[in-house]
Every structure is written in structure tokens, then in C-alpha cells.
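The values are calculated or read from the model by the stated rules, or taken from the named source; none is laboratory data. As the structure is a prediction and not an experimental result, all values here were calculated from the model. For neighbour counting, all protein chains shown are included, and Cβ atoms are generated from backbone atoms with ideal geometry for every residue, glycine included.
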Amino acid sequence: MKKTILSIGLMLCVAIGAKAQETTTPNPVNPNAPKFKFDSEVVDYGTIEHNANGDREFKFTNTGKEPLIISNAVGSCGCTTPVWPKEPIAPGKSGVIKVHYATDRVGHFEKQVTLTSNADTPSKVIKIVGTVKPDPTPAPTGGTTAPAPPVEQKH
């Protein structure tokens, strides 16, 4: 009885080991898959004024052989808001991804927008960079104030 159980256990171990060594084949790459071709993957705002227009566009073409469907676009922070085409982009056709950056934030910025699609590379990152100048107008002071009266001291 012990030999039978030991034999079954040994065969199970060999079967599991053989199964573990089987090589898995990766999913085949679709040669007809849609493909992004951007005019530029980085949009440089340059140096802009505080509260300037923060809207820019990324133009792209589907150079694949099947329709390109962008299912999502996410900015790297709340200050970067993308808008993407919801309809499929046919092969050879172009589209635009609009990005709004909140230019009330002073200083240098580098932000990313991550696109999710059915393209040959399902996750694609595009970037915006630039510098927002400080606000040149001084903050209002709220009027003038008179100096406080002297405090009397008791001796």
C-alpha cells in the first residue's frame, strides 16, 4: 500500500514538473494592428504667462491596417486634462488629442498623458512641458491701515 501511494505521488511530481517546464508561447503580434504616428510626442508650451491659454493639441495618424480605438486617456495629475476622439480612427486617417494644462501654477512643468488603445503598443505616453511665469501684478493690499495707538503703561 505504501509503495502504491509513493508511486502515485512520484508520478504526480513528475507530471507537475513536466507541465511547469512547458514553454508558453506569447500572444502573436497582429501585423494589421493599428499604430499611432504622432507629429510630435512632446508639446513644448515654452515660457508662458500666468493664467495663459493652457490648451494644446497632439496630432496623430493611424498608420496601421485596422481602426484605432482609444479607450482612455489619463493625465499624470489633476492639472492636466486630456480629451480624445471617442470614435474609431480609420487606417490612414488622422485625429487630435487635446490637452489642457492649468496655467495658474507658476514654474516649470513636465506632465504626461497615458493613452490606452487597441494599437500595437496598447499603452502610449505623450508629454507636455513648459514654464509658467509668475503673475506680474502685485496682490491687492486691502487699503492702508493707521498705526496702532501707543499703549499706556501703569507704574
Please go through the stretch 61-103 and pick out each residue that is farther than 20 Å from LYS35 by Cβ and either in contact (Cβ under 8 Å) with a residue 40 or more places away in the chain or assigned to a strand (DSSP E or B) (or both).
VAL74, GLY75, THR80, THR81, VAL83, LYS98, VAL99, HIS100, TYR101, ALA102, THR103
Regarding the stretch 122-131, can at least one residue be identified that is surrounded by fewer than 14 Cβ atoms within 10 Å (Cβ to Cβ), under 18 Å from VAL83 (Cα atoms) and of a type in the set (Val, Ile, Thr)?
yes
All conditions in (1) more than 20 Å from GLY46 (Cα to Cα); (2) touching a residue at least 12 places away in the same chain (Cβ under 8 Å); (3) part of a loop (DSSP other than H, G, I, E, B) are true of THR137 except (2)
Of those in the stretch 92-108 that are of a type outside the set (Phe, Trp, Tyr) and touching a Gly at 6+ places or on another chain (Cβ under 7 Å), the residue farthest from HIS50 (Cα to Cα) is HIS100
Boolean, VAL106 is buried (at least 16 other Cβ atoms within 10 Å of the Cβ), aliphatic (A, V, I, L, M) and touching a residue at least 12 places away in the same chain (Cβ under 8 Å):
no
Can you spot a residue in the stretch 37-56 that is of a type in the set (A, V, I, L, M, F, W, C), surrounded by fewer than 14 Cβ atoms within 10 Å (Cβ to Cβ) and at pLDDT 95 or above?
yes
Test result for LYS111, part of a strand (DSSP E or B), among the basic types (Lys, Arg), modelled with pLDDT of 85 or more and closer than 23 Å to ASN51 by Cα
yes
In the stretch 109-121, residue surrounded by the most Cβ atoms within 10 Å (Cβ to Cβ) [restricted to those that are of a type in the set (D, E, K, R) and without any contact (Cβ under 8 Å) to a residue 60 or more places away in the chain]
LYS111
